[in-house]
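Participant: Below are the structure tokens for one structure; questions will follow.
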Amino acid sequence: MIELGYIREHPDEVRQALVNLHTEAPIDEILALDERRRALLAEVEALRAERNRVSKEVPRTKDPHQKREMIEAMRAVGERISELEDELAPVQARLDEALLEVPNMPHPSVPVGPDESHNVVVRTVGDPPTMAFQPKPHWELGEELGLIDFYRGVKISGSRFYLLRGGAARLQRALIAWMIDVHVREHGYEEVYPPYLVRRECLYGTAQLPKFAENQYFDSEDDLWLIPTAEVPVTNMYREEILAEEQLPIYHVAYSACFRREKMSAGRDTRGIKRGHQFDKVEMVKFVHPDTSMDELMRLLDNAEDICRQLELPYRVVQMCTGDLSFSAAVKYDIELWAMGCQEWLEVSSCSNFMDFQARRANIRFRPADGGKPQYVHTLNGSGLALPRLMIAILENYQRDDGTIGVPEAIRPYMGGQTELP
RNA sequence: GGAGAGGUCGCAUAGUCCGGCCGAGUGCGCACGAUUGGAAAUCGUGUAGGCGCAAGCCUCGCGGGUUCAAAUCCCGCCCUCUCCGCCA
């Protein structure tokens, strides 16, 4: 959430940001509600001050007549306060709601552009493997080698579900364990295992709600929501907390299953395992001092790239332009792996700096070491990495002319020394 | 799921029966100061958050109600703990 005072004082900058983001938000409504709210608040607070003052006098007043008059007068004041409060409540409620619909402001360094065609390829690392044969897409490899069972996935759970079998299931499990270990051992993260079902407030904290409700699965009976990413439970670990400055920065890495209804992407990527309703991901989350968050973003991105480098997969880093920025990110870099079979760049990681946007929503603060007022932390996160697309890249890029698939060196110790699939 | 106990300012607690002197006492912790060659001990002062230029307003798990006035009374909800039941 961005600060109400900022909208009030810089409405034109906010409007321009929305234009650059190619989105809309109820700014005019917010300004009108805010004005109304402040007027009502001034009135109601003056009355409350009077009531508080007189009510304190009441027990000290000896004269019964005077006492009765004071009580009568305050009864009238009380009624007026109630009226004003009834008027204020819906204004405040709608204002709170509207503020949650305003996206984060893009960082000044973000290139301005209408859509993904204006994203900037920052660097390309590694070369696609040379193959003396026609590489196959993973859905063919997966079926031929008995590694991916689409038919039964659909039978069990419907479209966009599949099963990994045998070596593929093992490979995924090995990748998860290995990636977590790399981030813990080499990059300084603390591993956490979070809940997959969270309360609704958490989704507000990380900004999946209120705007993206249609993409979430939830249990209406208990109002518990399935996480679309470990970002949600992990970022919310410190919601409503005031951390000590010395605790920062906090780095967490978490593996979780992720659940997405994909309502907004219905019909896209229906082939293969690129986009499912359930997938696994290793996620990195950081809580940092505001002064350091841009540096921290670069390191986070490098941590994610390190996985690609160690797996010897060709990738590129793309900076999102304003038009392709997500709702809550101020800056975002994607990492895309090149897949030989389907001949496309696959997004395996999104590394974002949210600045204080999520911290405001989730009320995550720190107390400066000099003892000053609590300040909002900056939060960041990045995939490190998402499994299905990583699996695609490995299956397609490590396929060999004899029909087998090589296991990347780095993973072999986690596969009991196994060197090829199936 | 059943029975009981409880959620108060970093932590621990007092206050709740009998509403006002309680936005809130005490201890610990922490900060600063005094004392000291230095330290311990001791003493003193300070020490929750939000809104507001300020006066002031709001917050004692959350929401609602009663009242001139609610931490305190009433209703609903959430969470924690203990015991019982059930269970990977």
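The values are calculated or read from the model by the stated rules, or taken from the named source; none is laboratory data. Model, not experiment: these values are computed from the prediction. So basically every Cβ, Gly included, is an ideal-geometry build from the backbone, and we count neighbours across all protein chains shown. Just the protein is used for accessible areas: all its heavy atoms, side chains included, with ligands, DNA and RNA removed. Shrake-Rupley method; radii C 1.70, N 1.55, O 1.52, S 1.80 Å.
Participant: Percent of accessible area on the stretch A:372-422 owned by carbon and sulfur, 1.4 Å probe? If you can, show how the numbers build up before the last one.
Facilitator: Working: 820 of 1710 Å².
Ligands and nucleic acids excluded, carbon and sulfur reach 48 percent.
Participant: Send over a whole-number figure in Å² for the accessible area per residue of the stretch A:128-217, probe 1.4 Å. Let's see the in-between values first.
Facilitator: Numbers: 4780 Å² over 90 residues.
Averaged over the residues of the stretch A:128-217, the accessible area is 53 Å².
Participant: Report the net charge of residues surrounding residue A:23, where surrounding means a beta-carbon distance below 14 angstrom and charges are Lys +1, Arg +1, Asp -1, Glu -1. Intermediate values should be presented prior to the final figure.
Facilitator: Values: positive: A:15, A:211; negative: A:24, A:101, A:115, A:324.
Taking every other residue near residue A:23 into account, the sum is -2.
Participant: Net charge near residue A:82, counting Lys/Arg +1 and Asp/Glu -1 over other residues with Cβ under 15 Å of its Cβ? Working shown, then result.
Facilitator: Values: positive: A:48, A:51, A:75, A:80; negative: A:43, A:45, A:50, A:79, A:83, A:85, A:86, A:87.
Spelling it out: positives minus negatives among the neighbours equals -4.
Participant: Arrange the peptides A:385-394, A:83-92 so that the one whose residues have, on average, the most other Cβ atoms within 10 Å appears first. Mind showing how you got there, number by number?
Facilitator: Details: A:385-394: 25.2, A:83-92: 13.8.
Packing order, densest peptide first, comes out as A:385-394, A:83-92.
Participant: Give the angle, between 0 and 90 degrees and rounded to the nearest 10, that separates the Cα long axis of helix A:11-21 from the longest principal axis of the Cα atoms of chain A.
Facilitator: The answer is roughly 20 degrees.
Participant: Starting from the residue with the highest accessible area, list A:189, A:414 in decreasing order, probe 1.4 Å. List each step's numbers first, then the result.
Facilitator: Working: A:189 10, A:414 65 Å².
Sorted descending by solvent-accessible area, the residues read A:414, A:189.
Participant: How far, in degrees from 0 to 90, does helix A:387-397 lean away from the longest principal axis of the Cα atoms of chain A, to the nearest 10?
Facilitator: Tilt relative to chain A: about 20 degrees.
Participant: Okay, next question. Between residue A:75 and residue A:39, take the C-beta separation as r, use R0 = 25 Å, and let me know the FRET efficiency to the nearest 0.05. Could the numbers behind the result be given before it?
Facilitator: Working: r = 25 Å, r/R0 = 0.98.
So, using R0 = 25 Å, E works out to roughly 0.55.
Participant: Determine one quarter of the surface area of the Cα convex hull of chain A, which equals its mean projected area, and express it in nm² to one decimal.
Facilitator: Working: hull surface 102.5 nm².
Taking a quarter of the hull surface, the average projection is 25.6 nm².
Participant: Going down the table (A:136/A:263; A:136/A:211; A:274/A:332; A:136/A:281; A:67/A:373; A:281/A:373), which pairs top 31 Å between alpha carbons?
Facilitator: On the way: A:136/A:263 29 Å; A:136/A:211 39 Å; A:274/A:332 21 Å; A:136/A:281 25 Å; A:67/A:373 43 Å; A:281/A:373 37 Å.
From A:136/A:263; A:136/A:211; A:274/A:332; A:136/A:281; A:67/A:373; A:281/A:373, over 31 Å: A:136/A:211; A:67/A:373; A:281/A:373.
Participant: Output needed for the stretch A:90-159: three equivalent-ellipsoid semi-axes, defined as square roots of 5 times the C-alpha gyration tensor eigenvalues, in descending order, whole Å. Please report the intermediate quantities before stating the final value.
Facilitator: Details: eigenvalues 376, 158, 14 Å².
Over the Cα atoms of the stretch A:90-159, the semi-axes work out to 43, 28, 8 Å.
Participant: Further question on the same structure: 7 Å from Cα along Cα→Cβ at both residue A:292 and residue A:199: what's the point-to-point distance in nm?
Facilitator: A separation of 3.0 nm, rounded to one decimal place.
Participant: Same structure again: Relative to the first principal axis of the alpha-carbon coordinates of chain A, what is the inclination of helix A:293-310, with its axis defined by its Cα atoms, in degrees from 0 to 90 and to the nearest 10?
Facilitator: 20
Participant: Then there is this: For the stretch A:4-143, what % of the accessible area comes from carbon and sulfur atoms, probe 1.4 Å?
Facilitator: Details: 4490 of 8700 Å².
Heavy-atom surface of the stretch A:4-143 belonging to carbon and sulfur, 1.4 Å probe: 52 percent.
Participant: Determine the order of A:259, A:218, A:212, A:366 by accessible area, beginning with the largest, at a probe radius of 1.4 Å.
Facilitator: Numbers: A:259 35, A:218 100, A:212 55, A:366 0 Å².
The ranking, largest first, comes out as A:218, A:212, A:259, A:366.
Participant: Say the dipole of the stretch A:136-244 comes from +1 at the beta carbon of Lys and Arg and -1 at that of Asp and Glu; which of A:154, A:193, A:172 then lies farthest toward its positive end?
Facilitator: In the stretch A:136-244, that residue is A:154.
Participant: Where does the charge balance sit around residue A:188 when Lys and Arg score +1, Asp and Glu -1, over other residues with C-beta under 11 Å from its C-beta? Please list the in-between numbers first.
Facilitator: Numbers: positive: A:185, A:286, A:299; negative: A:186, A:190.
Value of the local net charge: +1.
Participant: Helix-only mean residue ellipticity at 222 nm, chain A, DSSP H runs n ≥ 4 weighted -39,500 (n - 2.57), per residue, nearest 500. What is it?
Facilitator: Numbers: 12 runs with 168 residues, N = 422.
Computed ellipticity for chain A at 222 nm equals -13000 deg cm²/dmol.
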